[in-house]
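Only the coordinates and a few stated rules stand behind these numbers; no lab work does. Please read all numbers here as calculations on a predicted model, not as lab measurements. Cβ atoms come from the backbone with ideal geometry, glycine included; neighbour counts cover every protein chain shown.
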Amino acid sequence: MTVQEETQQVVGGGVGAGGSAAPDRSRLRRRGARGRPGTVRPGGAARGTLGGRWWVPWVFLAPALILFLYFKFIPMAQAISMSVQDVKPYLGNTWVGAANYSEILGSEGFRSAAWNTVVLAVGQTFGSMVLGFGLALLVEGQTRKLSFIRSAAFLPVVVPLAVVAELWRIMYHPTADGLMNQVIGLVGLGPSGFINHPDSSLASIVVTGIWRGAPYDMMIFLAGLAGIDRGLYEAATVDGASTRQRILHVTLPGLRSVFAILFVLAAVRGFRSFTEVFLLTNGGPNGSTEVVMTLIYKLGLEQNRLGVGSAGAVLLFAATLVLTVCVQLLRRRRAA
């Protein structure tokens, strides 16, 4: 007998029996609560697809969280602790307070490395964003050919950075037979030393970073372009707007949040540049490409000054954190 038939029987029986339907209705309500999943019981939690087992998602997240804790957060805490100590492995550490910070901030090498880091981050950030935005406009669409082109353009991102650095090191060969020298020779420019000359080494690394970072920015721009209302483009076309005007007054305002996100990601990526600098120049020639990350590596692992190197790492983390917070505050202020 179904619930509906039983309800009709109870209602009919209650009318004939003179008021005995109330207990039967309550019994039906209890039975309905037991028979329908997802209902809320008095004094209990909602029964969902996990049967109230709130801990199940955390079980799946636990391996990743443990790895993050062991390889990221614990080393961060140790670096902060080491930055105020004179670290002597196997001999014991000595508390020195802010002496490590004073030493590294007063170092001419650190100031030069910090300036090179800012120049590298700014160049790579704006270069990759501009090139990525241009690529996104060119390959936007749903055709099969564009899908292949997008996949091919994204390849530099998935190639290991060590392979990218070695590839560009070969391309930057300083002789006239080098690939890049042959390319610039087509426009009448003489052979350049690229990474082997102090005046062009940092710019050469910036170009390498732009080449690798632009496809990543392109994919994020493509996701942002897909969210812009196509009716705005049609209305702008009807009003006689040119392609340039549609980009300035429709596309760029629609990608404002995307630009803010990419700015933070690209800036952090630029501040943390290490592998390409280490493999291409190792900070040379004559320190012209020395950045904070390579300086920290040399202080900590080559000169065994772990306390001073940790202080530099903490300063770099603080600068990245301040940049991220400032960008987020500006976004909220503009949104308000």
Residues with amide H under 5 Å from that of ASP86, placed H, sequence gap 5 or more = THR94, TRP95, VAL96
Distance between modelled label sites at VAL56 and LEU232, nm, 7 Å Cα→Cβ extension = 4.0 nm
Would you kindly give the portion of the calculated P(r) for the range 216-328 that falls above 19 Å, as a percent of all Cα pairs?
-> 62 percent
Please label the shape of the range 67-110 as rounded, prolate or oblate, based on the square roots a ≥ b ≥ c of the eigenvalues of the alpha-carbon gyration tensor (a/c under 1.5 means rounded; beyond that, a/b larger than b/c means prolate, else oblate).
-> oblate
For ALA152 and TYR90 in the same chain, what is the full-extension length gain: residue separation times 0.36 nm, less their Cα-Cα distance, in nm?
-> 17.2 nm
Phi angles of the range 144-153, converted by Karplus (6.51 cos²θ - 1.76 cosθ + 1.60, θ = phi - 60°) into ³J(HN,Hα) in whole Hz with x for Gly and Pro, give 5, 5, 5, 4, 5, 5, 4, 5, 5, 5
Rounded if a/c is under 1.5, else prolate if a/b beats b/c, else oblate: with a ≥ b ≥ c from the C-alpha gyration tensor eigenvalues square-rooted, which is the range 99-335?
-> oblate
What does the charge count near VAL238 come to, summing +1 for each Lys or Arg and -1 for each Asp or Glu among other residues with Cβ under 14 Å from its Cβ?
-> 0
Extreme residue, positive dipole direction of the range 216-300, given options VAL258, VAL292, TYR216 (C-beta unit charges) | VAL292
Find the relative contact order for the range 99-335 and round it to a whole percent, using C-alpha pairs within less than 8 Å whose residues are 6+ positions apart.
-> 30 percent
If you take the charge dipole of the range 99-335 about its Cα centre, with +1 on Lys and Arg Cβ and -1 on Asp and Glu Cβ, which of GLY270, THR117, PHE154 is farthest toward its positive end?
-> PHE154
Applied in sequence order to the range 120-127, the curve 6.51 cos²θ - 1.76 cosθ + 1.60 (Karplus, θ = phi - 60°) yields integer Hz couplings, x standing for Gly and Pro, of 5, 5, 5, x, 5, 5, 6, x
Under the rule rounded for a/c under 1.5, else prolate if a/b exceeds b/c, else oblate, using alpha carbon gyration tensor axes a ≥ b ≥ c, the range 46-175 is classed as oblate
Computed over the range 57-188, the relative contact order (Cα-Cα under 8 Å, seq sep at least six) in percent reads 7 percent
If you stretched the chain out fully between LEU301 and ILE170, how much longer would it get, using 0.36 nm times the residue separation minus the C-alpha to C-alpha distance?
-> 44.4 nm
Using 0.36 nm per residue, how much length does the chain from LEU186 to VAL163 gain when fully extended, once their Cα-Cα distance is taken away?
-> 5.6 nm
